[in-house]
1. Restricting attention to the stretch 93-112, which residues are aromatic (Phe, Trp, Tyr) and either surrounded by fewer than 14 Cβ atoms within 10 Å (Cβ to Cβ) or over 20 Å from Pro137 (Cα atoms) (or both)?
2. All but one of (1) within 16 Å of Arg24 (Cα to Cα); (2) in a helix (DSSP H, G or I) hold for Glu114; state the number of the condition that does not hold.
3. Residues Glu26, Glu69: which one is at pLDDT 95 or above, more than 22 Å from Pro123 (Cα to Cα) and either surrounded by 14 or more Cβ atoms within 10 Å (Cβ to Cβ) or touching a His at 6+ places or on another chain (Cβ under 7 Å) (or both)?
4. Restricting attention to the stretch 72-92, report how many residues are aliphatic (A, V, I, L, M) and exposed (fewer than 15 other Cβ atoms within 10 Å of the Cβ).
5. Go through (1) under 16 Å from Ile5 (Cα atoms); (2) in a loop (DSSP other than H, G, I, E, B) and name the single condition Ser157 misses.
6. Is it the case that the stretch 82-103 has a residue that's assigned to a helix (DSSP H, G or I), over 19 Å from the mean Cα position of the chain (by Cα), more than 17 Å from Thr23 (Cβ to Cβ) and of a type in the set (Phe, Trp, Tyr)?
7. Does Pro20 meet the test of being in a loop (DSSP other than H, G, I, E, B), surrounded by 13 or more Cβ atoms within 10 Å (Cβ to Cβ) and not acidic (Asp, Glu)?
Amino acid sequence: MLIKIYEKLLNHFGKQKWWPADTRFEVIVGAILTQQTSWKNVEKSIKNLRDNNLLEPKKLFNLSVKKLENLIRPCGFFKVKSKRLRSFLKFFIENFDTDLEKMFNKDLNELREELLSVHGIGPETCDSILLYAGEKPIFVVDAYTIRICERYPIINSNDYEELRDFFEKKLPKDVNLFKEFHALIVELGKNYCKTKPLCKKCTLNRGCKHAISVNDMSS
C-alpha cells in the first residue's frame, strides 16, 4: 500500500528534491529553525546567516546571543530557537570538533540517542538531520504524516516511533525514497489534506475515510 501511495503522490507532485540547502550543516540549521514555522520564514533566517557568512559551526557558536536572535528572528520563537541551536552547536563542537563525517560515521542508533539528548532536538528534528544531512535510512514522521495515516487509513496510531518503525519496515531501505516520500507527504498535507481537507481534489481521495464521509454527506 505505501509504495502505491508514494507512486500516486510522485506522479501528482513530481520530485521534490528535499532538503533545499547548499551544505549539510545548513540542513541541520534549517531542521532546528523550522520547528513550529513555515519554510519560507526559515529561508529568511538562513539567508541572514548566509549573507553574514555565519553558516559555519564555530562562527555561529561564537556569535553573541543577541545577534543570533536578531538574525534568526524571521523564523519565529527566535529566543527559544537560539538556545536550541546553541545547544546543538555545543554538542557538535565538543563531541565531534565540527566534523560531520565523524558524527555521521557513528552507529545510527547511538547517534540518534545522543542527538535526542540535546536540548530542543525532538524525534522529528533528529530524524530530519539524520536523513537529509546524514543520508541515513530513517523515516521522518511529522504532523502531516500522522494526519494522513489516520485519514487514509494506513495505520491506526499517532505514536511517532510506531509510525516510523511501520514506514521503515514496509518500504525498501532507500534514503532517496525516504526523502521523497516525506517531502511528498508534506506537499499533500499543505495542499489538500489540511485541517479542513480538500478531498475532492486530492489524488488519494479513494480509500480516505474523510473523503468517504464527505462524499456520503454530499450524495
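1. Restricting attention to the stretch 93-112, the residues satisfying the condition of being aromatic (Phe, Trp, Tyr) are 96, 104.
Selection gives Phe96 alone.
2. (1)
3. Values: Glu26 fails: more than 22 Å from Pro123 (Cα to Cα).
Unique residue meeting the criteria: Glu69.
4. The total comes to 1.
5. (1)
6. yes
7. Numbers: in a loop (DSSP other than H, G, I, E, B): yes; surrounded by 13 or more Cβ atoms within 10 Å (Cβ to Cβ): yes; not acidic (Asp, Glu): yes.
The answer is yes for Pro20.
The values are calculated or read from the model by the stated rules, or taken from the named source; none is laboratory data. Owing to the predicted nature of the structure, the values given are computational and were not obtained by experimental measurement. Reconstructed Cβ throughout: ideal geometry from the backbone, glycine too, with neighbour counts over all protein chains shown.
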